[in-house]
Amino acid sequence: MGEFLPDTGESTEVLVVSLESAEARRADFAARAAGTSLAWRFFDACTAPAPGMTIDEAAIRRNKGRAMSKGEIGCYASHFSIWQDMIMRGVRQAIILEDDTVVDWAYLEQLARADLNAEGIDYLRLYAKQPTWQRIVRRDFLQHSRTIVELVGLAYGTQGYAITLAGARQLAEHCRTVCRPIDDEMDRSWAHGLPNLALYPAPILEAAIVSDIGNSRFVPKNDPLYHSLRQRVWRQVERTRMRMLKARRLLER
């Protein structure tokens, strides 16, 4: 588990998840961040399950059609550990980035000064890998033409997000048992109840760097548990819950 430095007086902690051994990636990220006024620090990415996590291997196989890779477990543990540490220390809010991101630091400096909980924003994606259903929540957030949207569906990726203490508590409680990769779980707002808000256009990009998680997650879904009658029924229930959330959001417009 990575070590957090003592509080620096900043209202928002900025953490960059990175393997301790990834010296070249760390150097590249630091060079890209050289001009920012924000205090930030690396968080040593986990390579094994974190305390408080329980891995449900059968549920993972039912949900993904395969076991999770070591990299996926480490990614899950890294984010879970950050939330747990926020809760333990009472950190009001944090911005979490991965070391393969290209960041609009000028916008993040504004975001770090905002009181997100007071704005009703306890979780805010800074990047998504895949388009999904969305609705506009707020226009011109901190900057002209920067919009907050709510996503309903699987957008994938943990490249960057802002989270408050309340958001960390909600996700940490929901994510104690590992049933799927962490980005899948974070996207399931119909299950954990935390709106999946995102910024558009995104203030970070994912650099074209080979992922540390690896490609084993893209293998065909051949596990019999994935194709069982029980799981087919569960997937239908999951789709229904997602559609119901979309319908509620449409009625709220």
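The values are calculated or read from the model by the stated rules, or taken from the named source; none is laboratory data. No experiment lies behind these values; they were computed from the predicted model shown. When we count neighbours, we look across all protein chains shown, and the Cβ atoms used for this are built from the backbone with ideal geometry, even at glycine. In case anyone asks, the SASA skips ligands and DNA or RNA and just uses the protein heavy atoms, side chains included. Shrake-Rupley method; radii C 1.70, N 1.55, O 1.52, S 1.80 Å.
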Residues of the stretch 92-110 classified as of a type in the set (A, V, I, L, M, F, W, C) and open to solvent by less than 10 Å² (accessible area, probe 1.4 Å), total: 5
Residues of the stretch 158-175 classified as touching a Lys or Arg at 6+ places or on another chain (Cβ under 7 Å) and open to solvent by 10 Å² or more (accessible area, probe 1.4 Å), total: 1
Of all residues in the stretch 72-91 being over 15 Å from the mean Cα position of the chain (by Cα) and open to solvent by 20 Å² or more (accessible area, probe 1.4 Å), the one that is nearest to Arg125 (Cα to Cα): Ile87
Hits in the stretch 143-183 (condition: part of a helix (DSSP H, G or I) and under 28 Å from Glu109 (Cα atoms)): Leu165, Ala166, Gly167, Ala168, Arg169, Gln170, Leu171, Ala172, Ile182, Asp183
Condition check for Ile60: among the β-branched types (Val, Ile, Thr), over 17 Å from the mean Cα position of the chain (by Cα) and buried (at least 17 other Cβ atoms within 10 Å of the Cβ): yes
Close pairs (9 angstrom Cβ cut-off, 6 or more residues apart or separate chains): farther than 23 Å from Val178 by Cα in the stretch 76-102, in a helix (DSSP H, G or I) and charged (D, E, K, R) anywhere: Val91/Asp85; Asp99/Arg25; Asp99/Arg26; Asp99/Asp28; Asp100/Arg25; Asp100/Asp28; Thr101/Arg32; Val102/Arg32
Residues being within 23 Å of Val14 (Cα to Cα) and either surrounded by 14 or more Cβ atoms within 10 Å (Cβ to Cβ) or of a type in the set (A, V, I, L, M) (or both) - total across the stretch 111-142: 17
Residue check, Ala24 of a type in the set (Gly, Ala, Ser) and either surrounded by 22 or more Cβ atoms within 10 Å (Cβ to Cβ) or touching a residue at least 12 places away in the same chain (Cβ under 8 Å) (or both): no
